[in-house]
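Taking it in order: structure first as structure tokens, then the write-up.
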Amino acid sequence: MVSGTGASPSPEQLQDLLLESPGFTEFLLGLTTVFATLLGGSEPMLCAITVEREGTPATVASSGAEAKRLDEKQYAFDDGPCLTALRHGTTVLVTDVENEDRWAHYASAVSGEGIRSVLAVPIGTDPGSAAALNCYSRTS
């Protein structure tokens, strides 16, 4: 298993995580937990992986219930950083949700939850689906 050393996991560590996981869902869960710890500094980030098939997004793994809930807020608006990342294949960084104009309703909703910044990174998939890693932070 990958430890939270503060450094990026090596390909060998990620391979070990994949091999040690009983299934792909468990691998994704482990991956979100690893990134939540590595990217968060003193306070772990909230991370989730969204997959969209046939226009319907779903959180397939998350570092906790709060990250999943934040993703689901975005689905309710059918727009936001994560959905933009996976639909357009581009990384999205929102450094301060209180000053975000692109997704004002979503930004207001997550700001009310104490979230200050969001990072959404597309994940390459097979045709017919799209995915993104979503990271939420309480600091900008």
Computed FRET value (nearest 0.05) for Asp101 with Arg138, which takes r as the C-beta separation and R₀ as 35 Å: 0.95
Exposure ranking of Glu100, Glu113 by accessible area [1.4 Å probe, largest first]: Glu113, Glu100
Average projected area [Cα convex hull, the stretch 64-107], square nanometres: 3.3
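Please tell me the relative contact order of the stretch 49-130 in percent, rounded to the nearest whole number, where contacts are Cα pairs under 8 Å and at least six residues apart.
Once divided by the residue count of the stretch 49-130, the mean separation gives 30 percent.
With a sphere of radius 15 Å drawn around the Cβ of Ala85, what net charge do the other residues whose Cβ falls strictly inside it have (Lys, Arg +1; Asp, Glu -1)?
Net charge around Ala85: -3.
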Spin-label model distance (nm) - His88 vs Thr125, 7 Å beyond Cα toward Cβ: 1.8
Debye intensity ratio I(q)/I(0), log10, the stretch 56-140, q values 0.23 Å⁻¹ (C-alpha model): -1.14
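The values are calculated or read from the model by the stated rules, or taken from the named source; none is laboratory data. Just so it is clear, the structure is predicted and the values come from calculations on it, not from any experiment. Using ideal geometry, Cβ is built from the backbone for each residue, glycine included, and neighbour counts are taken over all protein chains shown. To get the accessible areas, we keep the full protein, side chains included, count just its heavy atoms, and leave off ligands, DNA and RNA. Shrake-Rupley method; radii C 1.70, N 1.55, O 1.52, S 1.80 Å.
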